Amino acid sequence: MSKIFKRSKILATIGPATFDPEIIYQLIDNGVNGCRLNFSHGTHEWHEQALQWIRAASARRGGKTVAVVQDLQGPKIRLGEIKDNHFDVAAGDELILDYKVKEQNGKILPVQYNLAEKCQAGEALSLFDGRVQASIMEIVSPTAIKIKIKNNGVLMSKKGINLPDTDFGGDVLPDKDIEDLKWGAKQDFDYVAMSFVQNASDIEKMRALMMELKYDAKIIAKIETKAAVKNDKVMREIVRATDVSMVARGDMAAEVGAEVVPIVQSKLVKLCRQYNKICIVATQTMGSMVDSPIPSRAEASDVANAVMQGADVVMLSEESAMGNYPLETVQALKRIMLYTQEHAETTPVELCDDSQIYHVAKAATTLAEEVKADSIVVETGTGLTASAVAGQRPTMPILSVTDNQRVANQLALLYACSSFCRPFSVTYGADLVRELKATDYFENKDHKCVTVSGRAHSAVGGSDVIQIRDI
């Protein structure tokens, strides 16, 4: 058994608090499995530097695989510049949001999107992460709308606007995202996160564009819009169309209400597990640790619940991007994950799969449990076999080995999976175990494993050989 083995993974956002090569190394050394670069902020040069530091830290950590996510902004609608970065509003106030103005002029506020082209009178609108509620009164010009404030509050520059009732008509890849995608296709990203997904066709359009750009990253669908969660059918279609789904709880709460979020999370984790897709639980997982060296009791329960549901990944946002205690946050998150997996069972889920690879994975996992194997070793070309084994939610580590570095990096976010990139050979699974035994990777001197491999290395889903090995 591995000395350090957590089954759910940690995805940390890199920001001003962690934009340093040594801090990034410490994050990875303390248990971070993936790094998110948020393209709502920062320049291409900033992101390129962060990406280089992440890869260097991975190499320094002995080649530990780390997934890097390019998170696109999407049609994120924000206010423009507010005078003195502070504007008090009160219930009953009427304001104009105008796309053509560049700075605030009294009750006329700049906005970074032409809402007049999409909105209708009577639709709901919220600002500053839902702290200020409003409704749209009328479209007053081709570039401006009038809104009525419902509660006292404050507005600040660049704060987000949510419009849960507005149909954006598939306009989920604005020009900024397309330019960021073109740039990202030339970089070393493993995943691309698509914001404000409304339906499966959004994913299909994204995939077509990425194929055109020859961008080989996998797609993360951020589930945060009212349209995406309005019924189970739409959510299921999105899960099936994408590679990874993210429970993006921040904007989701602003769009549909905080009371809806826990139920959507439970449904989405279950759907992802049914279809063998990675699921990420995100936003405010350890939010109090932005300013505190310890998490709140509610946050510990929240993370533990995600682990018990069987989520592949828990994500940190502002905690690691802007917080005062990024390393302490990762350490605390890891402790919660390890304690939970040792003292609670993962909720069982019936998978929607009848393929050969599903049955091979199920047989291998059952065998590994019965013979009390120390690990399941998976030889995989595309990652499909490793994903199928992880879908069984085994209690022992999955050691996946592939000759494709991109696949190895992507598998870093897969449940219970430690991934390695090695030159292909007919024995590279067993060779990996021998290599790890020569270090202090395992607790026990003897290592019993169940290996899963295929006679045709290049065949997708071609794994058809299961062996018990004492190495």
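Brief remarks on what is shown
- When only alpha carbons of region 111-228 are considered, Rg and Dmax amount to 16.5, 49 Å.
- Net charge of the neighbourhood of Gln70, taken over other residues with C-beta under 13 Å away and scored Lys/Arg +1, Asp/Glu -1, is -2.
- Cross-link pairs Lys9/Lys176; Lys100/Lys150; Lys9/Lys230; Lys218/Lys270; Lys118/Lys230 - those with Cα-Cα distance over 23 Å: Lys9/Lys176; Lys100/Lys150; Lys9/Lys230
- Restricting the calculation to Cα atoms, the chain yields a radius of gyration followed by a Dmax of 23.1, 75 Å.
- One decimal place: the segment Ile468-Glu369 gains 34.5 nm when fully extended, by the rule 0.36 nm per residue minus the C-alpha distance.
- Percentage of interatomic Cα-Cα distances in region 1-70 larger than 21 Å: 21 percent
- Cα→Cβ-extended label distance, 7 Å offset, between Asp88 and Ile294, nm: 3.7 nm
- Here the mean projected area of the convex hull built on the C-alpha positions of region 77-162 is 4.4 nm².
- Per residue, the average separation of C-alpha pairs within less than 8 Å and at least 6 apart gives the chain a relative contact order of 16 percent.
- Within the chain, helix-based [θ] at 222 nm, where runs of 4 or more DSSP H residues each add -39,500 (n - 2.57), nearest 500: -10000 deg cm²/dmol
- Nearest-0.05 FRET efficiency for Met322 and Lys176, computed from C-beta distance (R0 22 Å): 0.55
- Relative contact order %, region 247-292, counting alpha carbon pairs below 8 Å whose residues are six or more apart: 46 percent
- Shown for Thr225, Thr143, Thr166: other C-beta atoms within 10 Å of each C-beta, ranked fewest to most, produce the order Thr143, Thr166, Thr225.
- Among Gly122, Ala412, Met156 the positive-end extreme of the charge dipole of the chain (Cβ point charges): Ala412
- Directionally averaged shadow of region 356-470, computed from the convex hull of its alpha-carbon atoms, nm²: 6.2 nm²
- Ranked list, fewest to most other Cβ atoms within 10 Å of each Cβ, for Tyr113, Tyr339, Tyr191: Tyr339, Tyr113, Tyr191
- Annotation: the residues Thr395, Thr451, sorted from fewest to most other C-beta atoms within 10 Å of their own C-beta, follow the order Thr395, Thr451.
Since every read-out is calculated from the coordinates, none of them should be taken as a lab result. Values in this document were obtained by computation on a predicted structure and should not be read as measured data. Because the Cβ atoms are built from the backbone with ideal geometry, glycine has one as well, and the counts that use them run over all protein chains shown.
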